[in-house]
């Protein structure tokens, strides 16, 4: 899979080369947030890896479940009183 990733319609996941650089940049509120490969690629067994971000198919529009990769990369700060959320880079090692 040197060309990139391959989507399995049966399993509904993306298979990706375990050595790939799969950084994902999201723009939220005009700011870019980069989720690094260490958080976007999961090794499921020797030589087989999957992309940890996947689409959620709904009627309209398509959504993306960010889940663990985003949470590992960024701390989420919820300000319920002011109805806002903020993100800070995590100190993971």
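Derivation of every value follows stated rules applied to the coordinates shown; laboratory data play no part. None of these values were measured; they are calculated from a predicted model. With ideal geometry, Cβ positions are generated from the backbone for all residues, glycine too; neighbour counts draw on all protein chains shown.
For the reader, a short list of remarks on this structure follows.
- Reported value for the chain: 138 Å³ per residue, from the convex hull of its C-alpha atoms.
- Treating r as the C-beta distance of residue 79 and residue 25 and R0 as 25 Å, the FRET efficiency rounds to 0.55.
- Stretchable slack from residue 54 to residue 89, in nm (0.36 nm times residue separation minus alpha-carbon distance): 10.4 nm
- Estimated at 0.36 nm per residue, the fully extended path between residue 17 and residue 32 surpasses their Cα-Cα distance by 2.9 nm.
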